[in-house]
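Colleague: Here it is, the structure, as structure tokens.
Every number in this text was worked out from the coordinates using simple rules, so none of it is lab data. Owing to the predicted nature of the structure, the values given are computational and were not obtained by experimental measurement. All Cβ positions, glycine included, derive from the backbone under ideal geometry; neighbour counts span all protein chains shown.
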Amino acid sequence: MRPIATLTTILLAASLTYAQSKPPMKPKSKAENDAVRAMLTAQGPDARIAAAEALITKYADTSYKGYALYLEADSYLQKNDSEKAIIYGEQAIEADPSTFQAAVLVAKTYAATIHVNDLDKADKLAKIEKFGKMGLDSIATAEKPNAQLPDAEWAKVKDDLIGQANLALGIAAVYTNKIDDAKADFDKTAALDEDPTDLIRAGRALLDVKKYADAIPYFEKAAAAPGAPDQIKKIAESDKARAQAMLKK
């Protein structure tokens, strides 16, 4: 549902200069410029991973290293490889702490892999809290990457990321039995996040801890989301029916 690497087209529109990073990301030569462009225009996760690796291998001092590692993390997530998504996401943050998309991705990925009886639940909860809050803090101070980018478009990008970060923090709240806090976070997700599947994830976290009545509104919101594909609507309706059936037991 969500486009891969939200800021990729913004980077292209900004002639490969990205002012949010300090100092700004900018190619140091035409050859590096070509390598960055190849990474940003690569089609499909495997091609994107290969292009990102080629960039940071050939240009070890590239100012795009953090973003390249983030693109690899995002691409592995597209391949349903959560372990590598986390590894490369954390490397992206280490390379460039201002890469707020990576912080949000890592928080969400940990949140997507947590369950009520996990032996490493406490560690995952700590990581969700750390990276979720890091993402929100970074987004709050992020500068518009391109002066020509409309304010409304930049606000939309930030809102979507804020919604994703709140999803992760809400899931952490679910598994620490802070249900009211979780619902407050999920309501922010519903208001800001563009992907209805994130609302399904919110509802399923509540199902996992047997909060069936609390889960139902998020399945309803997912099914009613503007532009939601029929498949997503069917999944949301099925999960809602499952929650309602559990309430009757």
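Colleague: In what sequence do Glu94, Glu32, Glu83 fall when counting other Cβ within 10 Å, fewest first?
Modeller: Working: Glu94 13, Glu32 19, Glu83 10.
Listing Glu94, Glu32, Glu83 from fewest to most nearby Cβ atoms yields Glu83, Glu94, Glu32.
Colleague: Taking θ = phi - 60°, what integer Hz values does the Karplus form 6.51 cos²θ - 1.76 cosθ + 1.60 yield along segment 205-215, in sequence order, with x for Gly and Pro?
Modeller: These are the phi-based 3J(HN,Hα) values: 4, 5, 4, 4, 9, 6, 9, 5, 5, 5, 6 Hz.
Colleague: Turning to a different aspect of this structure: Of Pro226, Pro196, Pro97, which has the largest mean-square fluctuation in a 10 Å C-alpha GNM of the chain?
Modeller: For the chain, modelled as a Gaussian network with Cα springs under 10 Å, the answer is Pro226.
Colleague: Turning to a different aspect of this structure: Which order do Asp123, Asp214, Asp81, Asp61 fall in if you start with the one that has the fewest other Cβ atoms within 10 Å?
Modeller: Details: Asp123 12, Asp214 21, Asp81 16, Asp61 8.
Least to most surrounded, the residues fall as Asp61, Asp123, Asp81, Asp214.
Colleague: Mind listing the phi-derived Karplus ³J(HN,Hα) values for segment 29-35, rounded to whole Hz, using 6.51, -1.76 and 1.60 with θ = phi - 60°, and x for any glycine or proline?
Modeller: Using θ = phi - 60°, the values come out as 7, 5, 5, 5, 4, 5, 5 Hz.
Colleague: At a 10 Å Cβ-Cβ cut-off, how would you order Ile235, Ile162, fewest neighbours first? Present the calculation step by step, with values, prior to reporting the outcome.
Modeller: Values: Ile235 18, Ile162 21.
Result, fewest neighbours first: Ile235, Ile162.
Colleague: With respect to the cross-link table entries Lys183/Lys234; Lys183/Lys221; Lys108/Lys130, which display a Cα-Cα separation exceeding 21 Å? Spell out each step's value before the answer.
Modeller: Details: Lys183/Lys234 23 Å; Lys183/Lys221 13 Å; Lys108/Lys130 11 Å.
Pairs exceeding 21 Å: Lys183/Lys234.
Colleague: Which value at 222 nm does the chain reach when only helices count, each DSSP H run of 4 or more adding -39,500 (n - 2.57), with the total divided by all residues and rounded to the nearest 500 deg cm²/dmol?
Modeller: Taken over the chain, the calculation gives -23000 deg cm²/dmol.
Colleague: Past 22 Å, Cα to Cα, is the threshold; run Lys211/Lys240; Lys124/Lys210; Lys58/Lys133; Lys178/Lys210; Lys79/Lys156 against it and keep the listed order. Please list the in-between numbers first.
Modeller: Working: Lys211/Lys240 12 Å; Lys124/Lys210 20 Å; Lys58/Lys133 33 Å; Lys178/Lys210 13 Å; Lys79/Lys156 26 Å.
In this structure, Lys58/Lys133; Lys79/Lys156 lie more than 22 Å apart at Cα.
Colleague: Taking the 0 to 90 degree range and rounding to the nearest ten, how far is the long axis of helix 45-58 tilted relative to the main principal axis of the chain, both from C-alpha atoms?
Modeller: Rounded to the nearest ten degrees, it is 40.
Colleague: In Å, what Rg and Dmax follow from the Cα atoms of segment 96-249?
Modeller: 15.9, 57
Colleague: Here's a follow-up. Per-residue HN-Hα couplings for segment 121-127, Karplus 6.51 cos²θ - 1.76 cosθ + 1.60 at θ = phi - 60°, whole Hz, x for Gly and Pro?
Modeller: 3J(HN,Hα) across segment 121-127, in whole Hz: 4, 4, 5, 5, 4, 5, 5.
Colleague: Still on this structure: Could you list the GluC sites (Glu not before Pro) in segment 146-243 that lie in coil according to DSSP, counting only those with at most 12 other Cβ atoms within 10 Å of their Cβ?
Modeller: none
Colleague: Shifting gears a bit: In nm, to one decimal, how far is the Asp34 label point from the Asp181 one, both placed 7 Å along Cα→Cβ?
Modeller: Going from the Asp34 label point to the Asp181 one covers 5.3 nm.
Colleague: Moving on to the next point. Placing +1 on the Cβ of each Lys and Arg and -1 on the Cβ of each Asp and Glu in the chain, which of Leu69, Thr99, Tyr218 has its Cα farthest towards the positive end of the resulting dipole?
Modeller: The one lying farthest along the dipole's positive direction is Tyr218.
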